[in-house]
Amino acid sequence: MTDPILEVKNLKIYYNTKSNIFSKGASGQNKAVDDVSLKINKNEIHGLVGESGSGKSSLARAVMGLSPITEGRILFNGNDISNRKHGKDRVKIQMIFQDPNSSLNPNMRIKEILEEPIIVNRLMRKDEIMPRLLELMELIDLPVSYLDRYPHQLSGGQRQRVGVARAMTTDPELIIADEPTSALDVSIQAQLLNLLYELKEQKGLSILFISHNLAVIRYISDYISVMKKGEIVETGKALEVFNQPEHPYTKKLISSIPTLKKFS
Ligand SMILES: Nc1ncnc2c1ncn2[C@@H]1O[C@H](COP(=O)(O)OP(=O)(O)O)[C@@H](O)[C@H]1O
Ligand SMILES: [Mg+2]
């Protein structure tokens, strides 16, 4: 057994809902995440799959310290980070967002986008920054000259690779990737998945990989959790879940995916 890098324990995220004309005057709570527990082992890709609105992003944002937690705990390397917004643990968890068009500042050059987390977190001396940027460009397989470009001068796939590089600037141990391929053309989705897989192998990263697309999750995950209406209904090793799904919802998801060849 390896130690888990991330443990989510009995997490609840309830949003207060105001009454409106549809709720006929009743105000209440939207139980976006309702008693979810999850463990991610070191150097593993944990796929979280579920339909839109099932609470995946709320969970992801809570791990990042961006969503208020109603109840429960989040442990990173055994340390409780539930109520910590900043600190050295937070630098070790980074996020890749769904849409690189809105998550990369259009007014900043790639160089500035990549060095920002280093400067904000005071991670390096000035003379160490450029070598690090060159290393990052190599990691994502983009020419060094692109450091001077703006996001709009890149293709969608290249922009999302910059999103990956930005997440890697702080040398994280855990990456939360929330639907990172959803905004990409199908033809380049596999490239991004392969890049994430390589990073896991080379850097010993752990990744929480979130998608509503089970084919994508199957392609990349070691472990899978299936989320439905704020709850995890099934969890297990990817192969086992795919070969012997137990929950009817998982069975339904699996039966509805087109066959996709596993990469070798
Ligand atoms: N900031 C918020 N305030 C109120 N309700 C929210 C907020 N964020 C998400 N929700 C609601 O919580 C539920 C889960 O949303 P989300 O976590 O985004 O799901 P997913 O990422 O699986 O699509 C949805 O019903 C959504 O409308
Ligand atoms: Mg989402």
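The values are calculated or read from the model by the stated rules, or taken from the named source; none is laboratory data. Please read these numbers as outputs of a predicted model, since none were measured by experiment. Counting neighbours? That spans all protein chains shown, and the Cβs are built from the backbone with ideal geometry, glycine included. SASA here: full protein model, heavy atoms, side chains in, ligands and nucleic acids out. Shrake-Rupley method; radii C 1.70, N 1.55, O 1.52, S 1.80 Å.
Taking residue 59, is it within 16 Å of ligand 2 (Cβ to nearest atom) and not acidic (Asp, Glu)?
yes
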Are any residues in segment 104-152 surrounded by fewer than 15 Cβ atoms within 10 Å (Cβ to Cβ), over 25 Å from the mean Cα position of the chain (by Cα) and farther than 21 Å from residue 92 by Cα, and if so, which ones? 127, 143, 144, 145, 148
Go through segment 51-86 and give me each residue that's more than 20 Å from residue 233 (Cα to Cα), more than 16 Å from ligand 1 (Cβ to nearest atom) and not aliphatic (A, V, I, L, M). 76, 77, 78, 79, 80, 82, 83, 84, 85, 86
When both residues are 6+ apart or on different chains and their Cβ atoms are under 6 Å apart, which pairs have a first residue that lies in segment 168-192 and is surrounded by 16 or more Cβ atoms within 10 Å (Cβ to Cβ), and a second that is modelled with pLDDT under 90 and part of a loop (DSSP other than H, G, I, E, B)? 178/98; 179/98; 183/98; 183/99
Show the residue pairs meeting these rules: Cβ distance below 9 Å; 6+ apart or different chains; first residue within segment 13-36 and farther than 12 Å from residue 71 by Cα and among the β-branched types (Val, Ile, Thr); second residue modelled with pLDDT of 90 or more and open to solvent by 60 Å² or more (accessible area, probe 1.4 Å). 17/30
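May I ask you to say which residue of 99, 80, 127 is away from ligand 2 (no atom under 16 Å from the Cβ) and more than 24 Å from residue 10 (Cα to Cα)? Walk me through it before giving the result.
Working: 99 fails: away from ligand 2 (no atom under 16 Å from the Cβ); 80 fails: more than 24 Å from residue 10 (Cα to Cα).
Going through 99, 80, 127 in turn, just one is away from ligand 2 (no atom under 16 Å from the Cβ) and more than 24 Å from residue 10 (Cα to Cα): 127.
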When segment 96-128 is checked residue by residue, the ones that are more than 17 Å from residue 152 (Cβ to Cβ), within 16 Å of ligand 1 (Cβ to nearest atom) and at pLDDT below 90 are 98
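Taking the conditions exactly as written (within 16 Å of ligand 2 (Cβ to nearest atom) and either under 21 Å from residue 5 (Cα atoms) or not acidic (Asp, Glu) (or both)), does residue 188 satisfy them or not?
Working: within 16 Å of ligand 2 (Cβ to nearest atom): no; either under 21 Å from residue 5 (Cα atoms) or not acidic (Asp, Glu) (or both): yes.
In short, no.
Conditions (1) under 21 Å from the mean Cα position of the chain (by Cα); (2) within 23 Å of residue 33 (Cβ to Cβ); (3) aliphatic (A, V, I, L, M), marked per residue:
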site	(1), (2), (3)
196	yes, no, yes
205	yes, no, yes
221	yes, yes, no
235	yes, yes, no
244	no, no, no
253	yes, yes, yes
257	no, no, yes
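If you check residue 39 against the conditions, is it of a type in the set (D, E, K, R), modelled with pLDDT of 95 or more, within 16 Å of ligand 2 (Cβ to nearest atom) and crowded, with 16+ Cβ neighbours inside 10 Å?
Details: of a type in the set (D, E, K, R): yes; modelled with pLDDT of 95 or more: yes; within 16 Å of ligand 2 (Cβ to nearest atom): no; crowded, with 16+ Cβ neighbours inside 10 Å: yes.
So residue 39 fails the test.
Could you list all residues from segment 70-102 that are surrounded by fewer than 20 Cβ atoms within 10 Å (Cβ to Cβ), of a type outside the set (Lys, Arg) and in a loop (DSSP other than H, G, I, E, B)?
Listed by number, the residues that qualify are 70, 77, 78, 82, 83, 86, 87, 99.
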